[in-house]
Structure formats: structure tokens, C-alpha cells
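Everything below concerns the one structure shown next.
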Amino acid sequence: MSRIGKLPIEIPAGVTVSVSSDNIVTVKGGLGELTQKVDAEITVTVEENQVVVSRPTDQKRHASLHGLYRSLISNMVVGVSKGYEIKLELVGVGYRAENQGQLLDLVLGYSHHIYLQLPSEVNVVAVTDKRSNPTITLKSCDKQLIGQVAAKIRSFRAPEPYKGKGVKFDGEQLRRKAGKSAKV
């Protein structure tokens, strides 16, 4: 049996989980509401303050879906109760980030500005302090969406291995390379 799939999901106070007849799981909490369509062969039941995900057989397909949907529902419960936060750091001379509402303006060493319109579910704060690298903080209740937005921002200028310049996640360890060495 799946080690992840068989674990029940605890529902914290202030969060409600409901399952419709066509297997759509809805999670409501203080930070928002999320829905997820679950495969018809996987059953989701809400018992007191726990959500239990079960599968009909031990086929490989059922086992993989079992763990997948359990993780997705768990992420939804954590998202509407605590939320998710991702910090990005801009490393490089002249790199800047500013936001006007949901529009993020990035200066990443190209000849032009990069403008990114963010979804309304993601809150963004761009901070530029003296003597430190600019940081972008993303907050949302949807783990999949916030990860996708952070990956999109990082893709505009991924960190390079020689000087480490680019957009990196806060705390990310980059693999560095040695530069050219002089001949003797």
C-alpha cells in the first residue's frame, strides 16, 4: 500500500472539506477556497476531522493516483489554513524589481524591461534595500500556482554558474564553476 496515500489528512480548525457526487474536492479556509477534480476510481471520504483517500486495487496506476491525490488535497488544506510563500533574489549589478499591483516590472540586464502580469490569487511584494540584493516575495494559498509563477520569473534569467548572476530562490545553493586559469 502507498506509504503517502494511506496517511489520513488532519483538518485544522476553521477549514471545511467537502466532496461532491462527481468527485470534486472543495477546501475552504481563512485564506481562500480551492477545488480539485479527483479521478473517478479514487474515493475520498471526510470522517470527523480527517480526510481519507482510498483506492480500489493495488494496480500501479491506482497506487500512483492514490499518493498523488492525497498529496494534492493535503497541499490544499495547508494552503487555505497557513498559505505558501516563495522568495526570489535578484543577483546582479543593476537588477531591479518593482510591482504596481499585480504587474511585476523586472530589469534583468537585457535592453528592455520585462513585464509580468500575475494572477489575482498571488500576492507579490518587491523590496529593494541598499547594500542587499532585490527580493521578490510571492504569497498564495495555491501551491501549484505559486510554484509555476516563481519558476516563470526564474526562467527570465536563470543563475549562471560562474558569477551566480540571475534570479535564484532564497537559500538556493548554486553549483559554481572555476573560471579560466592562466597558462604557465
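The values are calculated or read from the model by the stated rules, or taken from the named source; none is laboratory data. The structure presented is a predicted model; accordingly, all values stated were derived computationally and were not measured. Backbone-built Cβ (ideal geometry, glycine too); neighbour counts: all protein chains shown. Surface areas here come from the heavy atoms of the whole protein model, side chains and all, with no ligands, DNA or RNA. Shrake-Rupley method; radii C 1.70, N 1.55, O 1.52, S 1.80 Å.
See the values below:
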read-out	value
Residue count for the range 41-85, restricted to those that are under 21 Å from Ala150 (Cα atoms) and surrounded by fewer than 14 Cβ atoms within 10 Å (Cβ to Cβ)	2
Set Leu88, Leu108: member being at pLDDT 95 or above, within 22 Å of Thr137 (Cα to Cα) and buried (at least 19 other Cβ atoms within 10 Å of the Cβ)	Leu88
Cβ pairs under 9 Å, 6+ apart, first in the range 161-184 and in contact (Cβ under 8 Å) with a residue 24 or more places away in the chain and closer than 16 Å to Glu89 by Cα, second β-branched (Val, Ile, Thr) and part of a loop (DSSP other than H, G, I, E, B)	Lys165/Val93
Complete set of residues in the range 133-148 that are more than 18 Å from Gly171 (Cα to Cα) and open to solvent by less than 50 Å² (accessible area, probe 1.4 Å)	Ser140, Cys141, Asp142, Leu145
Strands (runs of 3 or more DSSP E) wholly inside the range 1-96 containing at least 1 residues that are among the polar types (S, T, N, Q)	16-19, 24-29, 32-37, 43-47, 50-54
Residue check, Lys152 surrounded by fewer than 16 Cβ atoms within 10 Å (Cβ to Cβ) and either on the phi > 0 side of the Ramachandran plot or charged (D, E, K, R) (or both)	yes
